[in-house]
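Heads up: the structure comes next, in structure tokens.
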């Protein structure tokens with residue numbers, strides 16, 4: 001599988017749908033084959049950088065990707081992502097990519113939608129995409145993958161090809177049931193959450209226009225993507241230590 005990691009001396013920049021140049025990543029070697037890496041994978045509708053961080057074995061054959069936030073008013077997952085970035089040391093042969101937020105505009109404003117009024121988890125180019133509900137917090141955008149944040153994550157996922165994707169949301173308190181039984185059951189056990197179907201109202205027989213459905217239908221041969229929904233309120237320990245360790249253990253990177 002293609003991986004975004006190369007030799008530490010190499011320069012890697014990922015730009016998705018953005019004309020402006022972005023800074024090159026920084027790579028720090030902390031062991032013979034262990035690296036820490038940061039890069040900008042794209043920019044938001046209002047020009048804010050979308051950052052990704054890697055820790056683990058260089059060119060690891062088994063990789064987890066954690067997305068802390070897609071909706072700007074769902075804050076708890078950012079704490080989980082940052083805790084994993086700062087505290088999880090993947091075991092040999094594994095690594096973890098962390099994207100604290102793919103919606104920095106919504107995060108700054110505390111709104112579900114991005115800077116152009118689009119619900120990013122209804123903007124993915126699947127058979128279930130719809131442009132209905134314009135002007136509401138559930139608008140899927142003027143066209144599939146219209147938003148720079150969506151395109152940035154699409155390109156990044158296509159290059160990283162993680163074995164597991166954990167996309168964190170609130171407040172439905174569940175692990176999305178999506179056909180990845182063992183991975184979902186491990187997440188449910190470690191995070192103390194039930195498994196159940198989480199839909200977005202797309203027509204029957206279509207794939208929901210979400211990150212997880214897009215990954216499973218487009219890049220599913222590389223891995224499994226799952227939605228994690230925390231409760232509306234979480235303790236600091238839950239959204240950091242418990243969830244961080246739980247996701248890492250479920251993905252078997254520690």
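Please report the spacing between the Cα centers of the stretch 111-138 and the stretch 184-239 in Å, no decimals.
Centre-to-centre (Cα) distance: 18 Å.
How big is the equivalent ellipsoid of the stretch 61-194 along its three axes, where each semi-axis is √(5λ) from the Cα gyration tensor, reported in whole Å from largest to smallest?
Semi-axes (√(5λ), whole Å): 26, 16, 16.
Could you put 33, 44 in order, starting from the residue whose Cβ has the fewest other Cβ atoms within 10 Å?
33, 44
Averaging over all projection directions, find the projected area of the Cα convex hull of the stretch 84-147 and quote it in nm² with one decimal place.
6.1
Starting from the 7 Å offset along Cα-to-Cβ, what nm value, one decimal, do you get for the label separation of residue 192 and residue 249?
Here the answer is 1.2 nm between the modelled labels.
Students often check this: by mean Cβ neighbours within 10 Å, which of 98-109, 141-152, 126-137 ranks highest, and how do the rest follow? Walk me through the numbers on the way to the answer.
Numbers: 98-109: 23.1, 141-152: 21.5, 126-137: 14.8.
Top to bottom by mean Cβ count within 10 Å: 98-109, 141-152, 126-137.
Scan (i) 1.09; (ii) 1.23; (iii) 0.94 for the value of Cα Rg over 2.2 N^0.38 Å calculated from this model and give just the label.
For Cα Rg over 2.2 N^0.38 Å, the calculated option is (iii).
Kirkwood-based Rg over Rh for the stretch 165-254 (C-alpha set), two decimals?
Numbers: Rg = 13.0 Å, Rh = 13.5 Å.
A ratio of 0.97.
Applying 1/(1 + (r/R0)^6) with R0 = 25 Å to the Cβ-Cβ distance of residue 87 and residue 159, what FRET efficiency is obtained, to the nearest 0.05?
Once the sixth-power term is evaluated, E becomes 0.45.
In percent, what relative contact order does the chain have, based on Cα pairs under 8 Å that are 6 or more apart in sequence?
Worked out over the chain, it gives 21 percent.
None of the figures in this text is laboratory data; all of them are computed from the coordinates on show. The model shown is predicted, which means the values in this text are computed figures rather than measured ones. Glycine also receives a Cβ, built like all others from the backbone with ideal geometry; neighbour counts cover every protein chain displayed.
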